[in-house]
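A.B. asks: This is the structure, below, for whatever I ask next.
What follows is calculated from the coordinates using simple rules that are stated; it is not laboratory data. Being a predicted model, the structure only gives us computed values, none of them experimental. Methodologically, a virtual Cβ is constructed for each residue, glycine included, from the backbone with ideal geometry; neighbour enumeration extends over all protein chains shown.
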Amino acid sequence: MLTGNIVEFSAKYKITPNQAKLLRCTGEHLKAHHEGGSTKPTNIVAACWYCNHKRHQRKNPPDPEQYRDLIQNRMSQGGWHSIRLN
């Protein structure tokens with residue numbers, strides 16, 4: 001069982017510590033606070049730090065429904081990242 005140790009996690013999955021840091025789990029608000037989004041569970045999903053950060057840096061970030069569809073499409077193809085953790 002891993003307890004949050006990035007070095008341990010990266011060794012187990014044979015990735016670099018920097019890659020492991022990018023994969024840390026965060027709570028992603030589907031509709032941002034500044035757009036009137038709430039902190040209710042229906043507005044929050046798990047996302048890695050990288051995806052959470054990059055989504056909001058986009059010039060035209062996808063709306064919650066588009067983002068959900070994008071995630072579901074990528075997951076149906078076997079995963080979100082090129083880093084595959086078995």
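A.B. asks: Rank these for me by crowding, E65, E28, E8, going from fewest to most other beta carbons within 10 Å.
C.D. replies: Ordered by Cβ neighbours within 10 Å, fewest first: E65, E8, E28.
A.B. asks: Moving to a separate point now. Tell me what the chain gives for mean residue ellipticity at 222 nm when only DSSP H runs of n ≥ 4 count, each as -39,500 (n - 2.57), the sum divided by the residue total, rounded to 500 deg cm²/dmol.
C.D. replies: So the calculated ellipticity at 222 nm is -11000 deg cm²/dmol.
A.B. asks: Where does each of H29, H34, H53 land when they are ranked from fewest to most other beta-carbon atoms within 10 angstrom?
C.D. replies: H34, H53, H29
A.B. asks: Now for a different question. Treating only the Cα positions of the range 1-81 as identical point scatterers, give the base-10 log of I(q)/I(0) from the Debye formula at each q in 0.13, 0.19 Å⁻¹.
C.D. replies: For the requested q values the scattering log ratios are -0.49, -0.92.
A.B. asks: With a point put 7 Å past each Cα toward its Cβ, work out how far L70 is from A46 in nm, to one decimal.
C.D. replies: Between L70 and A46, the label points sit 2.1 nm apart.
A.B. asks: Within the chain, count lysine pairs with alpha carbon atoms under 21 angstrom apart where the residues are 8 or more positions apart or belong to different chains.
C.D. replies: Lysine pairs meeting the criterion: 5.
A.B. asks: Using label points projected 7 Å from each Cα along Cα→Cβ, tell me how many nm separate K14 and N60, to one decimal.
C.D. replies: Output for this residue pair reads 4.1 nm.
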